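Before any comments, here is the structure.
The values are calculated or read from the model by the stated rules, or taken from the named source; none is laboratory data. Being a predicted model, the structure only gives us computed values, none of them experimental. No Cβ is skipped: glycine too gets one built from the backbone with ideal geometry, and neighbour counts run over all protein chains shown.
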Amino acid sequence: MTVTTGPGNTGGTEEGSGARQPGGPSGTAPAPSAGSEAERPAHRPLPVRLLRRPELGAVVGAVALFVFFSLIADSFLRTSSLSTVLYFSSTIGIMAVPVALLMIGGEFDLSTGVMVTSSALVSSMFSYQMTANTWVGVGVSLLVTLAIGFFNGFMLTRTKLPSFIITLATFLMLTGLNLGLTKLISGTVATKSISDMEGFDSARAVFASSVTIGGAHLQITVLWWLLLVAVATWILLRTRAGNWIFAVGGGVDAARAVGVPVARTKIGLYLGVAFAAWISGQHLLFNYDTVQSSEGVGNELIYIAAAVIGGCLLTGGYGSAIGAAVGALIFGMANKGIVYAQWNPDWFKFFLGAMLLLATLLNAWIRKRAEATR
Amino acid sequence: MSDRKHEDLPMPEDLPLVELSGVSKFYGNIKALEDISLTVHPGRITCVLGDNGAGKSTLIKIVSGLHQHDAGTFRIQGEETRLGSPREALDRGIATVYQDLAVVPLMPVWRNFFLGSEPTVGWGPLRRMDVRTMRRTTRSELLRMGIDLRDVDQPIGTLSGGERQSVAIARAVHFGAKVLVLDEPTAALGVKQSGVVLKYVAAARDAGLGVVLITHNPHHAHLVGDRFVLLKRGTMAGSYEKAELELDELVRQMAGGSELEELSHELRR
């Protein structure tokens, strides 16, 4: 790229003042430069554009993993196996997508794993104790979960403490509350079954049903997952809010200086995470009728790992929702693929750790290449 | 977006766009600024010079809406004001370009150009950024300022420091700023890059903007400045028209004047 200076500068005077006519810049701007614009391609060639996509590394990894398990595990390619893989991926992916958006916005959330459990517990216990329609519990759970998300975002923007600390505190408090309140109310560490309560069947249809397409069971969570990916991608790439998410993650001071509502954007991101935690929590409840209060601990790191494998930068400002979804798919394939290959599943976590490291190195290398080929 | 221009009312020639008089700012017990006066006229460049810690950045923060003054008056086009936020300053026509934090490095040039003022099309949940217009306008507006980018999709962090400053200036001009505040635009740049940026500063001035140029480089200030305000430890050390001040005198003042003479005595062998 070049910066042309020289004789144009004095001419720039008239052009500059011309630009200040109402409606001038947007309407008539291309006219004086149309000639030079035509000589140059408006877009970079396809390979370069592909290299610049944050999810490229994850897609390559996912394809490699798919081919690998197809070759070594005979049962991997069966439709039933693939639908199991998709189901497991979707339970991670529903959370990984908003977590990725949050990370692009430059923040963490360590409370996501237990927040899912909290959401399920609130829904279950409210319905049971109040003998209300399960949909009332589902609604109350939505409000409570959003309130937790708002608390995270509000505390973060108010105190200016790192999100790591704020959400670590929320994580610990929720872990304690989940266990303590459940024991206090139900007398045990699990909730009572609500499967015979009013509205259970319709709620199960929304959060935990499955459809059979050509012999394959497709869980409804897969649809929720795809819907969230589509909405998140739309927000990120095509709306003003998406522009602000990239900006608050990539340069918060610059964003503030040009008038981006930083606090509102970050609180919105935490609300998005909470909304997804609500969907996951309701699935947990309506899939099994009861909820274990100690569940969910450790899942927050899985969601973050999926987002990172999908190309999100830990430092913010870079990443994609599609990448996070592919990251979740990699988790699903690895988890179930090991079973289908009849390996000892004890090795799963080691495998994941190695993959996270590889994916991050690959992503860093691709990004360097992409910047070099500009 | 671009309608926010100054086609409003013809202003009397002598009414300054921005006028500070007797402005002070305290951080707790510490006086950061005391009794500062400054005027900015359309089509003129006011340079604010001072050493590190002289209060330049505090002054800039008051004008750009990040901080509020504690005493004195701050007028925008004759109307007394207290700015609550950078957004409010922008809406009143004051755009600030900061040295390091003018842009978000990882974002493409076109996203940076419209950041905070993105044009949209559509309605309700389908309301979206007008990406085509944003890309096209970015290219043509930069070209108008003499910056020829091959690709507005490249991350702005891949541009040189001078180019990034120039993009930020072009952005302020496009969005109809009446006052452009530049914080040390040439501080981190080499000689050639500085020259490029100063040309854009002059272009903005010629387009009728009032410019506040914060710098500690008297050579750059004297090249483009019409008026010079010298700060020293939070107070005004002088205020001059260009005609009243030779470059040598400005350099001497900025180099520390009598302090430098003392220093040369101490260092003599």
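So which pairs qualify, if the first residue must be in segment A:168-186 and farther than 16 Å from A:Ala147 by Cα, the second must be of a type outside the set (A, V, I, L, M, F, W, C), the Cβ gap must be under 7 Å, and the two must be at least 6 apart or on different chains? So the pair list comes out as A:Leu179/A:Ser293; A:Leu179/A:Ser294; A:Thr182/A:Thr191; A:Thr182/A:Ser293; A:Ile185/A:Gln129; A:Ser186/A:Lys192.
Of all the listed residues (A:Thr221, A:Thr212, A:Thr239, A:Thr290), the sole one being among the hydroxyl-bearing types (Ser, Thr, Tyr), free of Cβ contacts under 8 Å to residues at least 12 places away in the same chain and away from every other protein chain (no Cβ under 14 Å) is A:Thr212.
Can you say whether A:Val140 is at pLDDT below 95, in contact with a helix residue (DSSP H, G or I) (Cβ under 8 Å, 6 or more places away or on another chain) and within 19 Å of A:Leu285 (Cβ to Cβ), as far as the supplied structure shows? Can you show your working first?
Values: at pLDDT below 95: no; in contact with a helix residue (DSSP H, G or I) (Cβ under 8 Å, 6 or more places away or on another chain): yes; within 19 Å of A:Leu285 (Cβ to Cβ): yes.
Taking the combined requirement at face value, the residue does not satisfy it.
With the requirement that a residue be of a type in the set (Asp, Glu) and touching a Ser or Thr at 6+ places or on another chain (Cβ under 8 Å), what does segment B:142-164 give you?
We begin by selecting, within segment B:142-164, every residue of a type in the set (Asp, Glu); these are B:148, B:151, B:153, B:163.
Result: B:Asp148, single match.
Taking residues in segment B:141-152 that are facing chain A (nearest Cβ under 7 Å), and partners anywhere that are among the basic types (Lys, Arg) and not in a loop (DSSP other than H, G, I, E, B), the pairs with Cβ atoms closer than 8 Å and at least 6 places apart or on different chains are B:Glu141/B:Arg171; B:Gly146/B:Lys199; B:Leu149/B:Arg139. Using the structure shown, decide if B:Arg171 is among the basic types (Lys, Arg), in a helix (DSSP H, G or I), under 28 Å from A:Pro54 (Cβ atoms) and more than 10 Å from every other protein chain (Cβ to nearest Cβ). Answer is no for this residue. How many residues does segment A:47-61 contain that are aliphatic (A, V, I, L, M) and within 14 Å of chain B (Cβ to nearest Cβ)? Of the residues in segment A:47-61, 3 are aliphatic (A, V, I, L, M) and within 14 Å of chain B (Cβ to nearest Cβ).
Out of all the residues in segment B:186-199, is one or more in contact (Cβ under 8 Å) with a residue 40 or more places away in the chain and within 11 Å of chain A (Cβ to nearest Cβ)? Explain how you work it out, then say what you get.
The first filter runs over segment B:186-199 and keeps only residues in contact (Cβ under 8 Å) with a residue 40 or more places away in the chain, leaving B:187-188, B:199.
Retained after the next criterion (residues that are within 11 Å of chain A (Cβ to nearest Cβ)): B:199.
Scanning segment B:186-199, I find at least one residue that is in contact (Cβ under 8 Å) with a residue 40 or more places away in the chain and within 11 Å of chain A (Cβ to nearest Cβ), so the answer is yes.
The single condition from (1) in contact with an Asp or Glu (Cβ under 9 Å, 6 or more places away or on another chain); (2) of a type outside the set (S, T, N, Q); (3) crowded, with 17+ Cβ neighbours inside 10 Å; (4) modelled with pLDDT under 85 that B:Arg164 fails is (1). Looking only at residues that are touching an Asp or Glu at 6+ places or on another chain (Cβ under 7 Å) and assigned to a helix (DSSP H, G or I) in segment A:306-360, which one is farthest from the other protein chains (Cβ to nearest Cβ)? Here the residue is A:Val326. Taken across segment A:85-92, residues that are in contact with a strand residue (DSSP E or B) (Cβ under 8 Å, 6 or more places away or on another chain) and hydrophobic (A, V, I, L, M, F, W, C) do occur, with at least one present. Among the residues making up segment B:214-240, a single one is under 21 Å from B:Pro16 (Cα atoms), touching an Asp or Glu at 6+ places or on another chain (Cβ under 7 Å) and of a type in the set (Val, Ile, Thr): B:Ile214.
Given the structure, is B:Val251 more than 20 Å from the chain's Cα centre (by Cα) and among the β-branched types (Val, Ile, Thr)? Please lay out each step first, then the result.
Working: more than 20 Å from the chain's Cα centre (by Cα): yes; among the β-branched types (Val, Ile, Thr): yes.
Answer is yes for this residue.
Scanning segment A:280-299 for residues that are buried (at least 24 other Cβ atoms within 10 Å of the Cβ) and either among the hydroxyl-bearing types (Ser, Thr, Tyr) or closer than 25 Å to A:Phe246 by Cα (or both) turns up A:Ser280, A:Ser293.
Within segment A:128-149, the set of residues being aliphatic (A, V, I, L, M), surrounded by fewer than 16 Cβ atoms within 10 Å (Cβ to Cβ) and not in a helix (DSSP H, G or I) comprises A:Met130 only. Inside segment B:116-153, residues that are in a helix (DSSP H, G or I) and of a type in the set (A, V, I, L, M, F, W, C) make up a count of 5.
Scan segment A:94-116 and tell me whether some residue there is over 19 Å from A:Ile304 (Cβ atoms), at pLDDT 95 or above, among the aliphatic types (A, V, I, L, M) and not in a loop (DSSP other than H, G, I, E, B). Looking for residues that are over 19 Å from A:Ile304 (Cβ atoms), at pLDDT 95 or above, among the aliphatic types (A, V, I, L, M) and not in a loop (DSSP other than H, G, I, E, B), one finds none in segment A:94-116, hence no. For segment B:84-125, filtered to residues that are more than 8 Å from every other protein chain (Cβ to nearest Cβ), buried (at least 23 other Cβ atoms within 10 Å of the Cβ) and aliphatic (A, V, I, L, M), the residue that is nearest to the chain's Cα centre (by Cα) is B:Val97.
Scan segment B:245-259 for residues that are assigned to a helix (DSSP H, G or I) and either at pLDDT 80 or above or closer than 15 Å to B:Gly50 by Cβ (or both) and jot them down.
Restricting attention to segment B:245-259, the residues satisfying the condition of being assigned to a helix (DSSP H, G or I) are B:247-255, B:258-259.
Passing the criteria: B:Leu250, B:Val251, B:Arg252, B:Gln253, B:Met254, B:Ala255, B:Glu259.
Quick check: anything in segment A:290-297 part of a loop (DSSP other than H, G, I, E, B), under 17 Å from B:Met107 (Cα atoms) and touching a Gly at 6+ places or on another chain (Cβ under 6 Å)? Checking segment A:290-297: not a single residue is part of a loop (DSSP other than H, G, I, E, B), under 17 Å from B:Met107 (Cα atoms) and touching a Gly at 6+ places or on another chain (Cβ under 6 Å). The lone criterion from (1) more than 30 Å from B:Gly210 (Cα to Cα); (2) more than 9 Å from chain A (Cβ to nearest Cβ) left unmet by B:Val131 is number (2).
Based on this model, can you work out whether B:Ala202 counts as at pLDDT 85 or above, surrounded by fewer than 22 Cβ atoms within 10 Å (Cβ to Cβ) and either at the interface with another protein chain (Cβ under 10 Å from one of its Cβ atoms) or over 20 Å from B:Ser64 (Cα atoms) (or both)? Considered against the rule, which asks whether it is at pLDDT 85 or above, surrounded by fewer than 22 Cβ atoms within 10 Å (Cβ to Cβ) and either at the interface with another protein chain (Cβ under 10 Å from one of its Cβ atoms) or over 20 Å from B:Ser64 (Cα atoms) (or both), B:Ala202 comes out as yes.
Among the residues of segment B:62-79, write down those that are surrounded by fewer than 21 Cβ atoms within 10 Å (Cβ to Cβ) and touching a strand residue (DSSP E or B) at 6+ places or on another chain (Cβ under 9 Å).
Restricting attention to segment B:62-79, the residues satisfying the condition of being surrounded by fewer than 21 Cβ atoms within 10 Å (Cβ to Cβ) are B:66-68, B:70-79.
Once the filter is applied, which keeps residues that are surrounded by fewer than 21 Cβ atoms within 10 Å (Cβ to Cβ) and touching a strand residue (DSSP E or B) at 6+ places or on another chain (Cβ under 9 Å), segment B:62-79 yields B:Leu66, B:His67, B:Gln68, B:Asp70, B:Ala71, B:Gly72, B:Thr73, B:Phe74, B:Arg75, B:Ile76, B:Gln77, B:Gly78.
If you go through segment A:245-267 and keep only what is within 8 Å of another protein chain (Cβ to nearest Cβ), among the hydrophobic types (A, V, I, L, M, F, W, C), assigned to a helix (DSSP H, G or I) and in contact with a Ser or Thr (Cβ under 9 Å, 6 or more places away or on another chain), you end up with A:Ala247, A:Ala255, A:Ala257.
Step by step: first the residues of segment B:221-240, then only those that are assigned to a loop (DSSP other than H, G, I, E, B) and touching a helix residue (DSSP H, G or I) at 6+ places or on another chain (Cβ under 7 Å), then the one that is farthest from B:Asn52 (Cα to Cα). Which residue is that? Spell out how you get there, then give the answer.
Of all residues in segment B:221-240, those assigned to a loop (DSSP other than H, G, I, E, B) come to B:225-226, B:233-234.
Filter again for touching a helix residue (DSSP H, G or I) at 6+ places or on another chain (Cβ under 7 Å), leaving B:225-226.
Numbers: B:Gly225: 20, B:Asp226: 23 Å.
Of everything passing the filter in segment B:221-240, B:Asp226 is farthest from B:Asn52 (Cα to Cα).
Inside segment A:224-236, residues that are touching a helix residue (DSSP H, G or I) at 6+ places or on another chain (Cβ under 7 Å) and either within 10 Å of another protein chain (Cβ to nearest Cβ) or of a type outside the set (A, V, I, L, M, F, W, C) (or both) make up a count of 2.
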